[in-house]
Amino acid sequence: MAEVNLDKIFASFLLSLDDIEDISELPNIEKEYLGKGSLLSEERSKLATLSNEDKKKYGSLLKEFADNVSTKLDNFKTEFEEAFFIEKEKSENPDISIDWYSKKGSKKHILTNVMEEVVEIFASLGYTVAHGPEAETSWHNFDALNTPDWHPARYESDTLYLDKDLNNLLRTQTSTVQVRHMQDNPPPVYIVAPGRVYRSDQLDATHSPVFHQIEGLAVDDGITFSDLKGTLEYFVKEFFGSSVQTKFIPHFFPFTEPSAEVLVSWKDGEWLEILGCGMVDPNVFKNVKYPESTQGFAFGVGVERLAMLRYGIDHIKNFYENDLRFLDQF
Ligand code: DAH
């Protein structure tokens, strides 16, 4: 009896557990090590022939062996089942979110690309990038920009206000960044401010309640309308190609005087409007406490508009639907 080495048997039991490929093999192993005819049961039946002392000693060794085997079998079963259910759940509820970081060929959104491209064109002329908050005060969005209380742009219908007193809002234009930048920095100023803006607009082919603009501002000694024209003509040719012509037509913006809209020549002799611009109104300089003699120009361009024209996109909602069939084209 003493020659039966329980440790060795336990080791071989562990090896057979390691070899299991399917849970259905488990009962056979259990039978082999604990069941009728197993070494354990043979040894147990021999206990009766032993002296009381040996019976006690060897009996408790056999019990310990049996307990260890049972515990291992139970643990094995639990782990195997857990792994099985995890696999099953994975196959029944696949994770459909896209793992952008490992997805080959993932890239920036078309609007990000267009914004970066515009910023780079102006950076090549010496402009730097400025940012401002999307939640703004009405003063920065309207008053400072020479847009008084009675102005139609302030009607609630165009604007998403954040309080009943109409003192705070989601900015309707990136022109707010002009104001903030001039309050914090003396002239000269050459900045572009890309960002998201909000209006209480219905979605249609060319309007969305959330869209993107890039504001530009140049303030320096002796800046004139010719500088504005030259700068924006350069931008249009860089962005759309050297054969595209520009046309400046008079317009009204509260914060510029004179103001203009820039149109670009398109297919079939059509002219399409792409941005608003003008010489900064002296009242704006006054509001940011710049000297009275200050001169400068400003412009604001819609990013979606630029992208729609350049790529022939027919509905603005394409930018926001995150349909990879659309986004992958750019
Ligand atoms: N903020 C104007 C808009 O949202 C665009 C604009 C027009 C900006 C003329 C300007 C400007 O800086 O001078 O429609």
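Exceeding 22 Å between C-alpha atoms, which entries from my cross-link table qualify? They are LYS8/LYS46; LYS108/LYS317; LYS237/LYS267; LYS46/LYS72; LYS31/LYS72; LYS55/LYS77.
Working: LYS8/LYS46 19 Å; LYS108/LYS317 17 Å; LYS237/LYS267 15 Å; LYS46/LYS72 25 Å; LYS31/LYS72 14 Å; LYS55/LYS77 32 Å.
In this structure, LYS46/LYS72; LYS55/LYS77 lie more than 22 Å apart at Cα.
Amide H neighbours of ALA130 under 5 Å, counting only residues 5+ apart in sequence or on other chains, H built in-plane at 1.01 Å?
VAL192, ALA193
For a quick check: with amide H placed at 1.01 Å from N, whose amide H comes under 5 Å from SER259's, ignoring anything fewer than 5 positions away on the same chain?
HIS251, PHE253
Residue by residue through region 118-134, which ³J(HN,Hα) values in whole Hz follow from phi under the Karplus form 6.51 cos²θ - 1.76 cosθ + 1.60 (θ = phi - 60°), with glycine and proline marked x?
4, 4, 5, 4, 6, 4, 5, 9, x, 7, 10, 9, 10, 10, x, x, 7
Express the relative contact order of region 6-92 as a whole percentage, based on alpha carbon pairs under 8 Å and six or more residues apart in sequence.
On the way: 32 pairs, mean separation 24.5, N = 87.
For region 6-92, the relative contact order is 28 percent.
Rg/Rh for region 251-305 to two decimals, with Rh computed the Kirkwood way over all alpha-carbon pairs. Show your work: numbers first, answer last.
Numbers: Rg = 14.1 Å, Rh = 12.5 Å.
Using Cα coordinates only, the ratio equals 1.13.
Note down the nm distance, to one decimal, between modelled labels 7 Å out along Cα→Cβ at ASP22 and at SER70.
Simple spin-label model gives 2.9 nm for this pair.
How much length, in nm to one decimal, is gained on full extension between THR78 and SER265, taken as 0.36 nm per residue of separation minus their Cα-Cα distance?
On the way: separation 187, 0.36 × 187 = 67.32 nm, distance 7.24 nm.
Working it through step by step, the gained length comes to 60.1 nm.
Only Cα pairs under 8 Å and at least 6 apart count here; give the relative contact order of the chain as a rounded whole percent.
On the way: 443 pairs, mean separation 45.2, N = 330.
Relative contact order here is 14 percent.
With +1 on each Lys and Arg Cβ and -1 on each Asp and Glu Cβ, how big is the dipole of region 110-327 about its Cα centre, in debye rounded to the nearest 20? Intermediate results must be reported in sequence, preceding the final value.
Numbers: 16 positive and 31 negative charges, 29 e Å.
Here region 110-327 has a charge dipole of around 140 debye.
Run the helix sum for the chain: -39,500 (n - 2.57) per DSSP H stretch of 4+ residues, divided by residue count, reported at 222 nm to the nearest 500 deg cm²/dmol.
Values: 11 runs with 133 residues, N = 330.
So the helix-based figure for the chain works out to -12500 deg cm²/dmol.
How big is Rg to Rh over region 110-327, alpha-carbon atoms, Rh as the Kirkwood inverse-mean-distance radius? Let's see the in-between values first.
Working: Rg = 17.0 Å, Rh = 17.9 Å.
On the Cα set of region 110-327, Rg over Rh gives 0.95.
Ranked highest first by the average count of other Cβ atoms within 10 Å around their residues, in what order do 156-166, 68-78 fall?
Numbers: 156-166: 12.2, 68-78: 14.0.
Per-residue Cβ counts within 10 Å, averaged per peptide and sorted highest first, yield 68-78, 156-166.
Could you work out the per residue convex hull volume over the alpha carbons of region 69-208, in cubic angstrom? Please list the in-between numbers first.
On the way: hull volume 39.1 nm³, N = 140.
Normalising the Cα hull of region 69-208 by residue number yields 279 Å³.
Against the 2.2 N^0.38 Å scaling, with N counting residues, where does region 198-330 land? I'd like the Cα-based Rg ratio to two decimal places.
Numbers: Rg = 16.8 Å, N = 133, 2.2 N^0.38 = 14.1 Å.
That works out to 1.19 for region 198-330.
FYI, it's all coordinate maths here, none of it is from the lab. In this text, all values refer to a predicted model and were calculated from it rather than measured experimentally. Heads up, the Cβs are rebuilt from the backbone with ideal geometry, glycines too, and the neighbour counts pull from every protein chain shown.
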